[in-house]
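Shown next, in structure tokens, is the structure this report addresses.
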Amino acid sequence: MFLARVVGNVVATMKDPAFTGKKILVIQPINKSGDAEGAKILALDSVGAGAGETVYCCRGREASFPWLPDEVPTETSIIAIVDQINVEKL
Amino acid sequence: MLIGRVIGDIVATQKAPSHEGQKILIVQPLNLDGTDRGGVVLALDAVDAGAGERVLVATEGWSAMTAVGRPHSPIDMAVIGVIDAVTLAA
């Protein structure tokens, strides 16, 4: 999984029927200090994340599993809203 | 699979049910010479690894969810071992 911040959303009326009623959010992957790292991408939201929130996401086929038994064609899904990032001083 | 170092963990109360009761570790993947290999990733802990430990990370969904015993879950990485030593042929 990877850390990201929600920075926007996408509205698409013509889309795969499995996406109906689901939010497509724009996310910015972030590093351990919370700074932007890499390009923004789109992710399907499975936990009700809002703009500005820190989340973490799952990639690949497993990204569609929050909606089983429905087969949802997503390869990136938001699966948690992060409350705390604890980086130890090693 | 990758070698990584556990550098902390994440607290997230609102998340996919299959992540309940699982430690969510922040892992820095490492090259064989110990230098950082890209950005940090998040992995569920299947072996009770602690901060600072060098660990073995499964970086694909089926193996990750199998390691934590949670099939059909949105999990794409898991810590599946604590590394004692790495030996390279001369």
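Each value in this text was obtained by applying a stated rule to the coordinates, not by laboratory testing. Since the structure is predicted, the reported quantities are computational estimates derived from the model, not experimental observations. Every residue, glycine among them, receives a Cβ derived from its backbone with ideal geometry; neighbour counts consider all protein chains shown.
Points to keep in mind about this one:
- Each of A:Phe65, A:Phe2 has some number of other Cβ atoms within 10 Å of its Cβ, and from fewest to most they run A:Phe2, A:Phe65.
- Pairs from A:Lys89/B:Lys23; A:Lys22/B:Lys23; A:Lys23/B:Lys15; A:Lys32/B:Lys15; A:Lys40/B:Lys15 whose Cα-Cα separation, in the structure shown, is over 25 Å: A:Lys22/B:Lys23
- Both numbers refer to the Cα atoms of chain B; Rg and Dmax are 13.0, 49 Å.
- Computed over Cα pairs, the Kirkwood radius of the protein assembly as shown leads via Stokes-Einstein (0.890 mPa s, 25 °C) to a diffusion coefficient of 148 µm² per second.
- Geometric descriptor of chain A, per residue, is 103 Å³ (volume of the convex hull of the Cα atoms).
- Between B:Glu53 and B:Leu88, the distance separating the two model label sites (each 7 Å from Cα on the Cα→Cβ line) works out to 2.5 nm.
- Relative exposure of A:Met1, B:Met77, judged by other C-beta atoms within 10 Å (fewest first): A:Met1, B:Met77
- Taking chain A and dividing mean pair separation by its residue count, relative contact order in percent (alpha carbons under 8 Å, at least six apart): 29 percent
- Going by neighbour counts of Cβ atoms within 10 Å, the residues A:Asp35, A:Asp83 line up, fewest first, as A:Asp35, A:Asp83.
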